[in-house]
Structures are given as structure tokens and as C-alpha cells.
Amino acid sequence: MSRGHGATRLGRALRAVSAATLLGALVVTPNALAAQNEELPRVVPDVAGVWDGGGRVRPINGPNQPWTPDNFPVLNERAQAYQQVFDEAIAPKYDCVPSSSPAIQYDPYYMEVVQWPDRVLLRYEKDDQIRTVWLDGREPPPNDYSIQGFSVGRYEGDALIVETSQFVFDITGFDDYNGIPSSQLKTVTERYWREGDELRMTLTVEDPLFLREPASYTTRWLRAPAGYKLNPYECDAFDARRAVRFMIPKYR
Amino acid sequence: MKRLVWISSLVAVTAVGLVIAERPAAAHHSSTPFYDDTQRVEATGTVSRFIFRNPHSFIFIDGRNEAGEAVEWEVEMGAAVSMRRSGWTPETISAGDPIKAVGQPSRAPGTHGMCCAQLTRPDGSPIRP
């Protein structure tokens, strides 16, 4: 993990110019972004835009997507015990608690990537989530744990690398369908790159409290229709839980 | 008009002219714990409410059960943000509209939920955004 980099004078000057441009126009062309220091590329990979992750792009998520028999995580005994007692009725999503990595990336909704000089914003239409990926070398602040964790990133060649840690314990923190929790020790690494007009990503999740080894999947997004803007989600907690009474619960 | 028929085994449904509602399984939750995908139920009645929301929209239908008693069916649909992209709006269906829904029944006894429904007017004409 390379988070800290010493900035050159040129780099600082370019960042200042970029920041001034941002404040003045609120418009940044990712390809025009100068590198932040000597270790980074001169041209930043362009992964910006609104991207479609819906059913026309990839199989809809479920018990076997994106985790197939070939890449399904190897669970330790603790994870198996949690999975065995898990009851769908207590899943936090029925109270509008958003999904986190590594599930949120595979939700079949639109996502917007915004590239700024010192950060990348990953905006998700589902549950109105925003993840900030800091590019300025900062370290995760101590005791700052959250559903989406704390993300730092860097550019490597043609790719954006995002490393996220400091998640809170999540009873369904692995995905929406298999009842596998994730812990405060979960870390997620995402690598985004372009293949023509596609955005692709390989994600690797590690969690020593629940997984015996890292698990990984690769997926893609396609461009959203021109001019599409993310709509507010405004999850309604009453309607999120409405169908739970249709289920025969595991426990009485 | 307000007639509802329970069908305890799989019913062959004529697909011509039917519109498949957005599957609620998309993203938020699997339909399997809530609805029996080996069964089909049919409800014919009048729309009392159409809730166009996230994470799931619902159509409420005033109908009757197999005993002829008045019941309110709750037909679960997809997320409003996804439905909107395929042309749905809060006005696509209105209270008072006659409607026929055929879909998977909810599992819990005494409930009248339905998902993955095909929606038509009672004469078989499709309900479209």
C-alpha cells in the first residue's frame, strides 16, 4: 500500500491551479489532470462518468452472483456459525441500511465516478451513497469506522486503485444474499480501468475474522445514456420492511 | 369485477399481451424467502393505491380471496429509480384502475402478498408505462 508521497513544487503548483479551476468552474476534465507527484502518471486514467451496472450489463446479483462456485469465499468456522444462525428478517437492508463493499459495487444500479485532483467520488444511485477516495496520501484517522469505511487511492498505469478499511461490523457485510458477516478487519481493494467504453473493476476482499483467504470478483459497467443524472433514492424504511411479514421467519 | 381466484398449483399463463412487472429480486432482496416461486396466484380487482418508492414499489389491489372475502393484495414491484428508467411514473397506475395480477404468492399464512407479477387490464390488454 503506497499512501504517502512527497509532493514536488511543480506538483503543488499544479494542484493549486487545479483547485482554483475547480472552485471557479466546478468542472474538471480528468484527462487534463496533472499528476500529483513524480511517482504518478502524467495523465490520469479517465474513469469518470455515469455508469450503468444494471441487468443489460451483467447478471443481476443473487446467491450465485458475483460469487460463483468458482470464486466463492472460503469461510472460517466463525463465518459458518454466523451463516447458520442468520435470519433474513434481521438483515439491516430492511431498515434502509445501505450495503457496503464488496456488495455495493455489484448492485444493479447506476454509479457515478467524479475525479478531482485530490480525491475520487464514487456515487451510488442505490441508497444515495457517496464514497470519498482520498488521493492526497492521508492515512485513515484512528477510530473513524463507518459502513463504507475509509478509502484511499492512487493511480497505477491505466488504473485507479482504491483501498478501503475501517468498516463497522456488518451482519450482511459480505453480500446481500448469503448471510455472511464482515468485521472491522475487513479490507477491500478495487482496481478500476477502462476497456474501450466499458469501466471494469476487479475487487478483492479480505477479512481475517471470517475468511480463510482473500476472495475476488471482476465486473463491468457500461456508459449510462447521455445526460443521465443519478436520481435521489430516498429509501423508505416502512416500505423496505413491508414484505418481511410475507416470509416465514427462521425463529419464532 | 372484484373476483379473486387462488390457484394452488402452477397455472399456465398466456403470455400474449401481458406485461411483466419489475422483479423485486433486483438488488434489494431475493424473492425466494418471501414468495413461493412454484405457485401462482391471480388477483382481479381495483387498484386502491400505487406506491412508487424505493427500495420497492407496491400496487394495492382490492380483491377477494377464494372464500369470497374482501382482501387487499400487495403486489411488490421494483425500485422506483429502476422502474423510472423504463418509463414508469407515479401516474402509470392510479387508484380506481381495474387490474389483473398474476404472480407468486407470499409464503406466510394469512398474508396476501404477490411478487414478480404480470399486470394487465381485466380484458387482457397490457399495462404499460
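Bear in mind these aren't lab numbers, they're just calculated from the coordinates by the rules spelled out. Computed from a prediction, not measured in an experiment: that's the story for all the values here. Virtual Cβ from ideal backbone geometry, glycine too; neighbours counted across all protein chains shown.
Under the condition of being of a type in the set (D, E, K, R) and under 11 Å from the mean Cα position of the chain (by Cα), which residue from segment A:115-141 is nearest to the other protein chains (Cβ to nearest Cβ)?
The first filter runs over segment A:115-141 and keeps only residues of a type in the set (D, E, K, R), leaving A:118-119, A:123, A:125-128, A:131, A:136, A:138-139.
Going one step further and asking which of them are under 11 Å from the mean Cα position of the chain (by Cα), we end up with A:123, A:131.
Details: A:ARG123: 13, A:ARG131: 18 Å.
The selected residue is A:ARG123.
Name every residue in segment A:201-252 that is within 19 Å of A:ALA79 (Cα to Cα), part of a strand (DSSP E or B) and in contact (Cβ under 8 Å) with a residue 40 or more places away in the chain, in order of residue number.
Looking only at segment A:201-252, we keep the residues that are within 19 Å of A:ALA79 (Cα to Cα), and these are A:204-216, A:250.
Checking the rest, the ones that are also part of a strand (DSSP E or B) come to A:204-206, A:211, A:215-216.
Scanning segment A:201-252 gives A:VAL205, A:LEU211, A:ALA215, A:SER216.
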Margin query: All but one of (1) surrounded by 15 or more Cβ atoms within 10 Å (Cβ to Cβ); (2) of a type outside the set (Lys, Arg); (3) in a strand (DSSP E or B); (4) more than 14 Å from chain B (Cβ to nearest Cβ) hold for A:GLU112; state the number of the condition that does not hold.
Written below: (4)
Check: Is there a residue being assigned to a loop (DSSP other than H, G, I, E, B), of a type in the set (Phe, Trp, Tyr) and either within 23 Å of B:VAL81 (Cβ to Cβ) or without any contact (Cβ under 8 Å) to a residue 24 or more places away in the chain (or both) anywhere in segment A:120-137?
Finding: no
Check: Does segment A:196-207 include one or more residues that are within 26 Å of A:CYS96 (Cα to Cα), touching a strand residue (DSSP E or B) at 6+ places or on another chain (Cβ under 7 Å), surrounded by fewer than 20 Cβ atoms within 10 Å (Cβ to Cβ) and not acidic (Asp, Glu)?
Finding: yes
Margin query: Considering only residues that are within 11 Å of chain B (Cβ to nearest Cβ), more than 24 Å from the chain's Cα centre (by Cα) and either assigned to a helix (DSSP H, G or I) or at positive phi (or both), which ones fall in segment A:77-100?
Written below: A:ALA89
Margin query: Being under 25 Å from A:TYR94 (Cα atoms), crowded, with 21+ Cβ neighbours inside 10 Å and of a type in the set (Gly, Ala, Ser) is the requirement here; does A:SER165 meet it?
Written below: no
